[in-house]
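*Asks:* Quick one: structure below, then a few questions.
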Amino acid sequence: MQRALRLLEAVGAHADGAPAKQLAREAGLPLPTAYHLLRTLTHEGYLQRENGVFVLGAAAEVIGRAGARRRQRAHLSEALAVAGQELGAAVYFAVYREGEVEVLAVTDDPARPPVVEWVDFRTTAHAHAIGQCLLAQLDETTRREHLARHPVESITPFSVRTEDDLLHRLDTVRRGHVAYERQEYALGTVCSAIPVQVGAAAATLAISLPVDELRRLRSVTDRLRKMAEATLTTLAFSISI
């Protein structure tokens, strides 16, 4: 495996590909061993042979994209962690993708722990700020299809109770470009979420605070919006599309 990886690294160093003899030399392998590994890697789709040289194949590119996506998510998590420390809040980034709410990154600060997902975020979009902000960005057909699969249901005494109540709330979210939620998903917690531009995707940055810090919610949300405009949206875009 180590020898195969050295060959893949050698191929990846040449944008236009390289012949077997050169790759064997750069990987420090005997030519017969290099030929055997190159044939195997080509058969498995990790390499392609074109005009006598070897280039990376589709399987290797998939691995590369997956690695790049992990690095991008790590960068976003680091940026959210910095934002969370500055704001004194848990911070989240989520998108609406393939018909569901997907939280892609969240801070993990013991001093400001995120909301415990005690009911699946995907089925309770109507009850939390993240979901309300995402639903408000959808077209009417997509939104109604979502609510047909995940109907409105109160999960705390403060949750919206009917679909009509939710649709009225979403109108308010669209006008104000922010969703505020007070103990509707989790008792003891207040949240807000703002829409962010990531191409055609519905996406949001959100915060949560203990309910006894409700007075801070609007000011912290305003600060989050300024951070998003400055740096966070670029990182969010890079991993969400």
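The values are calculated or read from the model by the stated rules, or taken from the named source; none is laboratory data. Quick caveat, the model's predicted, so the values are computed rather than measured. Backbone-built Cβ (ideal geometry, glycine too); neighbour counts: all protein chains shown. Heavy atoms of the whole protein, side chains included, go into the accessibility calculation; ligands, DNA and RNA do not. Shrake-Rupley method; radii C 1.70, N 1.55, O 1.52, S 1.80 Å.
*Asks:* Across the range 198-220, which residue is least open to solvent (accessible area, probe 1.4 Å) among those that are polar (S, T, N, Q) and under 16 Å from G176 (Cα atoms)?
*Replies:* Among them, the one singled out is T204.
*Asks:* Hey, could you check the range 5-22 for residues that are small (G, A, S) and in a helix (DSSP H, G or I) and say which is nearest to A59 (Cα to Cα)?
*Replies:* Restricting to residues being small (G, A, S) and in a helix (DSSP H, G or I), the top hit is G12.
*Asks:* Within the range 1-24, track down each residue that is open to solvent by 30 Å² or more (accessible area, probe 1.4 Å) and within 14 Å of V53 (Cβ to Cβ).
*Replies:* G12, A13, H14, A15, D16, P19, K21, Q22
*Asks:* Ok, one more. In the range 126-137, is there at least one residue being in a helix (DSSP H, G or I), open to solvent by 60 Å² or more (accessible area, probe 1.4 Å) and closer than 13 Å to A202 by Cβ?
*Replies:* Yes, the range 126-137 contains a residue that is in a helix (DSSP H, G or I), open to solvent by 60 Å² or more (accessible area, probe 1.4 Å) and closer than 13 Å to A202 by Cβ.
*Asks:* Restricting the search to the range 23-38, which residues are out of contact with any strand residue (DSSP E or B) (no Cβ under 9 Å at 6 or more places or on another chain) and in a helix (DSSP H, G or I)?
*Replies:* A24, R25, A27, L31, P32, T33, A34, Y35, H36, L37
*Asks:* Another question about this same structure. Considering the range 143-164 alone, what residues qualify as being outside any loop (DSSP other than H, G, I, E, B) and surrounded by fewer than 14 Cβ atoms within 10 Å (Cβ to Cβ)?
*Replies:* R144, E145, A148, R149, D164 - these are the residues of the range 143-164 that are outside any loop (DSSP other than H, G, I, E, B) and surrounded by fewer than 14 Cβ atoms within 10 Å (Cβ to Cβ).
*Asks:* What are the residues in the range 80-98 that are farther than 14 Å from A193 by Cα and either in contact with a Gly (Cβ under 9 Å, 6 or more places away or on another chain) or open to solvent by 20 Å² or more (accessible area, probe 1.4 Å) (or both), if any?
*Replies:* The answer is A81, V82, Q85, E86, R97, E98.
*Asks:* State whether one or more residues within the range 180-193 are open to solvent by 20 Å² or more (accessible area, probe 1.4 Å) and closer than 21 Å to Q137 by Cα.
*Replies:* Checked against the condition, which is being open to solvent by 20 Å² or more (accessible area, probe 1.4 Å) and closer than 21 Å to Q137 by Cα, the range 180-193 yields at least one hit.
*Asks:* Please specify each residue of the range 166-213 satisfying the condition of being among the acidic types (D, E), out of contact with any His (no Cβ under 9 Å at 6 or more places or on another chain) and under 21 Å from V119 (Cα atoms).
*Replies:* Residues satisfying the conditions do not exist here.
*Asks:* Out of the residues in the range 25-60 that are under 17 Å from M1 (Cβ atoms), surrounded by fewer than 19 Cβ atoms within 10 Å (Cβ to Cβ) and of a type in the set (S, T, Y), which is nearest to the chain's Cα centre (by Cα)?
*Replies:* Looking at residues that are under 17 Å from M1 (Cβ atoms), surrounded by fewer than 19 Cβ atoms within 10 Å (Cβ to Cβ) and of a type in the set (S, T, Y), I get T42.
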